[in-house]
Amino acid sequence: DRPDPPRALRLSGVSGTSLSLEWDPGFDGGLPQHFLLRAEGPDAPPPPAALVTSGFALTLGGLRPDTPYDVTVRARNARGDSAPARLRAVTSALPEAPPPVWEQPPAAPPGGPED
């Protein structure tokens, strides 16, 4: 049979350009399975799908800061794909760079050099 969808899809980390995800596998249909992840955001080019062959966690990178993404995870085996598990997540805003600090050269000591 085709595998069951992943369960308990959750966000484990967020940055300005990535989302880290974890999930629990569903029944594999009696065959080896792997997972296909995809993130789609408005006005953002979709990053390539990521394929996970082992483990139940992945970080999707190359995303835009401060952007909502619809993430789907599907299990896949030789018989086909599961229904998707879905999650909406928002990347964080990039921190603003601090203004440059201009250092003044140290002032010459008063009185000048001693003779």
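The values are calculated or read from the model by the stated rules, or taken from the named source; none is laboratory data. All values reported here derive from a predicted model rather than from experimental measurement. Neighbour counts are summed over all protein chains in view; Cβ atoms, including those assigned to glycine, are modelled from backbone coordinates with ideal geometry.
Within segment 15-33, how many residues turn out to be over 14 Å from THR59 (Cα atoms) and surrounded by 16 or more Cβ atoms within 10 Å (Cβ to Cβ)?
At the first step, the residues of segment 15-33 found to be over 14 Å from THR59 (Cα atoms) are 24-33.
The next check asks that each one be surrounded by 16 or more Cβ atoms within 10 Å (Cβ to Cβ); those that pass are 25-26, 28-29, 33.
Of the residues in segment 15-33, 5 are over 14 Å from THR59 (Cα atoms) and surrounded by 16 or more Cβ atoms within 10 Å (Cβ to Cβ).
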Checklist entry - So how many residues does segment 2-21 have that are of a type outside the set (Val, Ile, Thr) and out of contact with any Leu (no Cβ under 8 Å at 6 or more places or on another chain)? => result 7
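Suppose we keep only residues that are acidic (Asp, Glu) and modelled with pLDDT of 90 or more within segment 58-100. Which one would you say is nearest to PRO6 (Cα to Cα)?
Narrowing segment 58-100 to residues acidic (Asp, Glu): 66, 70, 81, 96.
Now narrow it down to the ones that are modelled with pLDDT of 90 or more: 66, 70, 81.
Numbers: ASP66: 26, ASP70: 16, ASP81: 11 Å.
The extreme case among them is ASP81.
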Checklist entry - Is there any pair with a first residue in segment 25-48 that is within 16 Å of THR72 (Cβ to Cβ) and at pLDDT below 85 and a second that is in a loop (DSSP other than H, G, I, E, B) and hydrophobic (A, V, I, L, M, F, W, C) whose Cβ atoms are under 8 Å apart and which are 6 or more apart or on different chains, and what are they? => result ALA44/LEU63; PRO47/LEU63
Next on the checklist: Here's a check for you: in segment 62-98, which residue that is free of Cβ contacts under 8 Å to residues at least 40 places away in the same chain and touching a Leu at 6+ places or on another chain (Cβ under 9 Å) is surrounded by the fewest Cβ atoms within 10 Å (Cβ to Cβ)?
Outcome noted: ASP70
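Every residue in segment 12-40 that is assigned to a loop (DSSP other than H, G, I, E, B) and either aromatic (Phe, Trp, Tyr) or farther than 15 Å from GLY55 by Cα (or both), please.
First, pick out the residues of segment 12-40 that are assigned to a loop (DSSP other than H, G, I, E, B): 15-18, 25-33.
Matches in segment 12-40: SER15, GLY16, THR17, SER18, PHE27, GLY29, GLY30, LEU31.
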Next on the checklist: So LEU9 passes all but one of these: (1) surrounded by 14 or more Cβ atoms within 10 Å (Cβ to Cβ); (2) part of a loop (DSSP other than H, G, I, E, B); (3) in contact with an Asp or Glu (Cβ under 9 Å, 6 or more places away or on another chain). Which condition number does it fail?
Outcome noted: (2)
Checklist entry - In segment 13-30, what count of residues is obtained for those that are aromatic (Phe, Trp, Tyr) and in contact with a Lys or Arg (Cβ under 9 Å, 6 or more places away or on another chain)? => result 1
Item to check | Evaluation of GLY55 against (1) modelled with pLDDT of 90 or more; (2) in a loop (DSSP other than H, G, I, E, B) (one fails), failing number | outcome: (1)
